[in-house]
1. With Kirkwood's inverse mean 1/r over C-alpha pairs for Rh, give me the Rg to Rh ratio of the range 146-220, two decimals please.
2. Once you put a point 7 Å from the Cα of residue 121 and another 7 Å from the Cα of residue 50, both along the Cβ direction, what distance in nm separates them?
3. Given N residues in the range 104-155, what is its alpha carbon radius of gyration divided by 2.2 N^0.38 Å?
4. Could you work out the relative contact order of the range 119-274, using alpha carbon pairs under 8 angstrom and six or more residues apart, expressed as a whole percent?
5. Taking the chain as the reference, fit the longest principal axis to its C-alpha atoms, fit the long axis of helix 248-273 to the helix C-alpha atoms, and give the angle between the two in degrees, 0 to 90, nearest 10.
6. Share of the chain's accessible area from carbon and sulfur, percent, 1.4 Å?
7. Please go through the range 192-272 and write out the GluC sites (Glu not before Pro) that DSSP classes as loop and that have at most 16 other C-beta atoms within 10 Å.
8. Please list, ordered by chain and number, the residues whose modelled amide H lies under 5 Å from the amide H of residue 118; skip anything fewer than 5 residues away on the same chain.
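The values are calculated or read from the model by the stated rules, or taken from the named source; none is laboratory data. On a predicted model such as this, the values are computed, not experimentally measured, just so you know. Note that each Cβ is placed from the backbone with ideal geometry, even for glycine, and that neighbours are counted across all protein chains shown. What goes into the accessible areas is simple: the full protein's heavy atoms, side chains included, and nothing from ligands, DNA or RNA. Shrake-Rupley method; radii C 1.70, N 1.55, O 1.52, S 1.80 Å.
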Amino acid sequence: MNDYMIKMQETVDYIRGKVNDIPKIAIILGSGLGSLADDIEERITLSYKEIPNFPISTVAGHKGELIFGKVDDVPIIAMNGRFHYYEGYDLKETTYPIRIFKLLGVETLILTNAAGGINETFKKGDLMIINDQLSFFAESALRGPNMNEFGDRFIDMSTTYDKDYIEILKDIMLNLTGDYKEGVYAYMKGPTYETPAEIRALRTMGADAVGMSTVPEAVVAHHSGLKVAGITCITNMAAGVTNEKLSHEEVKETASKAEVNFKKVIHEFIKKIG
Ligand code: HPA
C-alpha cells in the first residue's frame, strides 16, 4: 500500500469506529445549502478536525463537518464544507473525501454548488441540473500515477452525471415549479471571479454556468464508479452578463433566498433514490 492509501485507510477506520451503518448516499452541501444539515435526524457529527488525515476547510461560512444520519428516513452522509483548490489545497486533498466515501461503500454522490449564470435565459436564484462539465484551464484531479484501486487510467466522461438522475431531477423540478433548467457547469480555479472576456469565451465553448468547485469532485467520483448528480444554484449572473458588480455578499444573499427551494428539491431527490 502506498502512503496515500495508508492515510485513507486510517481515515476510514476512524469513521467506521464512530459510525456503524454507513449510508450509500453522500451529499456535498454547497454555499447556501448548509442548513440542510439541520434536517438530518439521528445524526452523528464528526468535525473534520477530529478525523485523521482529513483536510480542514478555511472558507468563512463553511462549517467543516461530516454528518451521518437520515433525511426523510433515508440514510445519508452530508459534507458540510468542501475543499477548494483556491484555498491552497492540491487536487488530491480537494478530492480526498470522495475516495473516502468510495472506500466506506458509498454508491451515489450528490454535488451542490453556487455558480454564476452564463446562459442569458437564467436568472438569479434559478436551480440548474448539471448535465455535463467543462474544465480546460485546470489540471485534472486524476493527474499523477493512476490509483488502480479506484478505476482505470483513461476513463470515459460521456456520462459523468448519471442520466437517470438527470431525468429524476427534471421531474422533481417540473412538479415543484412547472419548469427546470439544465446545463453545462464550467470550472474555473478562482479565487477571482472571471473577467467578462473569460465569460464570453466560456459561453462560446458551451458553458451555462461557472463556478470554482464540483468538477474535481465529479471527476474523482466518476473514476471511482460513483453515480453522480449535480445541482447548481445560480447566485449571480456571471461577469459582464449584466452591469452589476459581483460580490461574495450577493452570492451568499441569493443562495440563502434560494435555500428553501433548493432544500425541497434535495429532499425529493433523496426520497426518490433512497
Ligand atoms: N463565478 C465563479 N464562481 C462563482 C460565481 C461566479 O460568478 N458565483 C458563485 N460562484
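1. 1.05
2. Placing both labels 7 Å along Cα→Cβ, they lie 4.8 nm apart.
3. Output field value: 1.59.
4. Contact order relative to length: 37 percent.
5. The helix 248-273 is inclined about 60 degrees to the chain.
6. 48
7. Of the GluC sites (Glu not before Pro), the ones in loops of the range 192-272 whose Cβ has at most 16 other Cβ atoms within 10 Å are 244.
8. So residue 118 has HN proximity to 209, 210, 238.
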